[in-house]
1. Counting only protein heavy atoms, what percent of the accessible surface of the chain is carbon or sulfur at a 1.4 Å probe?
2. Just the accessible area per residue of the chain, please: how many Å² with a 1.4 Å probe?
3. Quick one: which residues, 5+ away or cross-chain, put their amide H under 5 Å from the amide H of VAL22? H built at 1.01 Å from N.
4. Per residue of the stretch 13-30, what does 6.51 cos²θ - 1.76 cosθ + 1.60 with θ = phi - 60° give for ³J(HN,Hα)? Whole Hz please, x for Gly and Pro, Karplus curve as stated.
5. Ignoring the sites themselves, what is the longest stretch of the chain with no trypsin sites (Lys or Arg not before Pro) in a DSSP loop and at most 12 other beta-carbon atoms within 10 Å?
Amino acid sequence: KKNHGMFTYYLLNKLNETAGNVTLGELADYVASEVARQSIVENRKLQTPTIKYSQALLNSWREMRF
């Protein structure tokens, strides 16, 4: 109904709201929270997006910006 899958919708929504001025950690938290909440409302199933990152970025990926 939103012309995107749920993950893509909330990813694009946050990027649009912040004009891209968001850290990867903030973006990941927002998308995970919104998808988890809305998937129960719309599908009656829990979806839990996960972030996979390089071990080389273990301590820094959350603060990275676009």
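1. The C+S portion of the solvent-accessible surface of the chain is 52 percent.
2. That works out to 75 Å² for each residue.
3. Those lying under 5 Å, H to H, from VAL22 are PHE66.
4. 4, 5, 5, 5, 4, 9, 6, x, 8, 8, 7, 4, x, 5, 5, 4, 5, 4
5. 3-43
The values are calculated or read from the model by the stated rules, or taken from the named source; none is laboratory data. Please read all numbers here as calculations on a predicted model, not as lab measurements. As a convention, Cβ positions derive from the backbone with ideal geometry for all residues, glycine included, and neighbour counts pool all protein chains shown. The accessibility values were calculated without ligands, DNA or RNA, using every heavy atom of the protein model including side chains. Shrake-Rupley method; radii C 1.70, N 1.55, O 1.52, S 1.80 Å.
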